[in-house]
Amino acid sequence: MFKAFIEPFRQPPPPIDPETLRSGGGRKPKARAKNWSGTLGRIWTYLARRKVKLSMVLLMVFASSALALLGPYMVGMAVDDFIAGEGGSSWTRFLIGLTAVYVLFSFTSWLQNIWMIEIAQETVFRMRYDLFSHLHKLPIPFFGKRQQGEIMSRVTNDIENVSGTLNSSAIQIFSSVLTLLGTFGVMLWLSPLLTLLTFIVVPLMAIGMRWITRRTGPLFKERQRNLGELNGYIEETLSGQRIIKAFSQEERVIRGFEERNTRIRISGFWAQTISGFIPKLMNGLNNLSFAIVAGIGGILAIQGSVTVGVIIIFVEYARQFTRPLNDLANQWNTLLSAIAGAERVFEVLDEDEEAKDEGAAVSLDKVEGAVRFDKVSFGYDEGRNILHDISFEAKPGEMIALVGPTGAGKTTLIQLLSRFYDPTGGTLTVDGRDMTTIRRENLRSHMAFVLQDSFLFQGTIRENIRFGRLDATDEEVEAASRLANAHSFIVRMKDGYDKVLQADGSGISQGQKQLLAIARAILADPSILVLDEATSSIDTVTEIKIQEGLQRLMQGRTSFVIAHRLNTIRQADRILVLKDGHLLEQGSHDALLEQGGFYSELYYSQLRKKAQ
């Protein structure tokens with residue numbers, strides 16, 4: 001029977017509808033979380049999804065609160081009966097009844113805790129899912145302005161703070177409200193005068209709580225912010241261990257960690273210390289209330305205004321009245337930390353998503369690869385352009401090389417091509433269609449990228465290559481690897497294609513990572529190919545071997561190649577020479593050399609350096 005009773009509350013969360021995923025987790029636009037009420041209100045929107053379970057929890061809280069009030073009342077009435085000489089067999093009934101009350105109290109408390117923990121975990125699951133889902137809808141600039149560790153801290157630490165509070169504190173809040181209301185009602189019924197005396201300490205509690213919370217709230221927010229910065233610093237230094245050791249900067253990095261760690265220690269110390277006054281304040285005022293009720297109540301009992309049993313009830317209720325406040329005080333640190341963490345989570349959820357595709361945006365079944373820049377300008381910051389009136393046309397199947405000094409705008413041009421950003425001036429078309437009228441996801445599905453810093457995910461080599469096209473067969477994966485000249489080193493490794501790579505492909509060389517990235521691009525079979533120094537991490541012998549494979553890959557595809565070693569792009573159909581965001585020259589390798597311009601200077605400068 002008991003199992004059948006609690007089974008409905010063990011059901012898993014309802015499945016996530018695909019439309020909900022596309023619409024951002026079903027969330028409606030909300031005001032940014034700037035205060036406690038706004039933050040708590042948004043947490044409630046998550047809790048409200050489990051209304052049936054919450055109703056059962058509230059029912060159990062109501063029952064346990066009523067039973068908690070009934071116990072002291074029964075004791076007081078029993079004392080009055082004993083003084084009046086009405087004991088006897090009624091004591092047996094009293095003991096049985098009191099035992100039943102406290103057994104039922106324990107059972108209802110246990111049920112409400114179990115159900116609330118389940119609700120809390122489901123709520124945090126949804127919050128974590130919404131946050132992670134939203135992160136993948138944010139534009140690239142969002143990630144460029146923040147440390148990865150700081151973002152990770154919001155997904156892990158901040159949400160975990162919310163989880164801890166919902167597990168331990170939420171039930172205390174519900175129980176405290178009902179206990180306070182019930183205690184006040186019964187006390188007022190028994191003796192309005194003693195009730196007034198009990199409530200003398202309440203204004204003092206309110207003033208003390210207000211004074212403390214106004215100081216601890218900002219401190220807990222500061223601690224969470226410092227924790228996020230520390231996580232970002234740790235992630236950055238762990239990723240850059242080779243550079244740190246190569247330049248012998250261990251001591252400097254440790255000092256940087258110590259500074260950030262000290263900020264957390266200081267903000268955490270003051271937050272915990274000041275908020276730690278709350279339990280001490282509550283205990284002191286609780287004892288004061290007890291003394292007032294006992295002293296004045298004793299005088300009233302002598303005068304016959306109240307009975308001894310009523311005084312006993314009031315003494316216990318006085319403690320019971322302040323106990324919920326005391327419980328809340330003991331949970332205050334967790335509550336403040338959770339609110340600060342939730343605000344940081346909602347800050348990210350309130351970030352504007354990547355601009356939506358226009359209502360008339362279409363998906364292209366096939367892309368020929370004709371790309372045209374028409375007086376395109378762009379700046380990351382308003383009023384400060386990086387690219388200035390760039391105009392050129394790439395025909396289907398052409399290889400376009402982008403060259404120029406660092407900061408010339410080569411990578412920015414590629415960012416526009418992939419629609420990580422949109423031009424601030426001019427138009428960019430693909431197959432004669434304005435790029436803004438093509439769905440981003442569809443446009444990128446016709447592209448493949450091999451970047452200078454190859455990124456591999458944790459998983460097998462086969463899975464990493466198949467990331468380019470998830471429905472590819474094992475034979476197609478191996479064929480792409482052969483074309484990229486990666487098959488030979490893969491089969492020599494233990495487990496071959498089933499070798500599990502760790503995060504970011506640790507365990508294989510940088511050159512091997514690059515070869516796998518090229519194989520992934522080959523498997524994607526794109527119409528437009530982007531190579532950003534794709535052979536920069538590969539030795540000369542391997543580079544020569546894969547040039548033929550890259551040439552086959554680029555056949556029939558429009559290719560954009562960013563190159564610093566100019567001898568690698570001599571076969572390009574057209575070379576675009578950029579400097580300070582301006583397109584200075586364009587043409588074939590031989591034609592640009594004949595012009596004797598900036599490209600010629602770059603090329604012969606590299607030859608001279610190589611000869612030295």
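Summary of values
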| quantity | calculated |
| --- | --- |
| For Ile575, residues with placed amide H under 5 Å, excluding near neighbours | Ala401, Gly587, Ser588 |
| The range 358-460 shape via C-alpha gyration tensor axes, a/c threshold 1.5 | rounded |
| Directionally averaged projected area (convex hull, Cα atoms, the range 365-408), nm² | 4.5 nm² |
| Amide H contacts under 5 Å for Phe560, placed H, 5+ residues apart | Ile400, Leu529, Val530, Leu531 |
| Principal axis box of the range 402-507, alpha-carbon based, largest edge first, Å | 53, 33, 24 |
| Exceeding the 20 Å Cα-Cα cut-off - candidates Lys410/Lys579; Lys53/Lys221; Lys375/Lys410; Lys395/Lys579; Lys375/Lys579; Lys137/Lys513 | Lys53/Lys221; Lys395/Lys579; Lys137/Lys513 |
| For Ile386, residues with placed amide H under 5 Å, excluding near neighbours | Phe378, Gly379, Tyr380 |
| Shape call, the range 106-201: gyration tensor on alpha carbons, a/c limit 1.5 | prolate |
| Tensor-based shape of the range 376-431 (alpha-carbon gyration tensor, a/c under 1.5 rounded, otherwise prolate or oblate) | oblate |
| Net charge of neighbours whose Cβ lies under 12 Å from the Cβ of Gly597, counting Lys and Arg as +1 and Asp and Glu as -1 | -2 |
| Charge sum, other residues only, whose C-beta stays under 14 Å from Asp434's C-beta, Lys/Arg counted +1 and Asp/Glu -1 | +1 |
| Ranked packing of 399-412, 369-382, most packed first, by mean Cβ within 10 Å | 399-412, 369-382 |
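Throughout, read-outs are computed from the coordinates displayed, never taken from laboratory work. What you are looking at is a predicted structure, and each value in this text was computed from that prediction instead of being measured. Every residue, glycine as well, gets a Cβ built from its backbone with ideal geometry; the counts of neighbours run over all protein chains shown.
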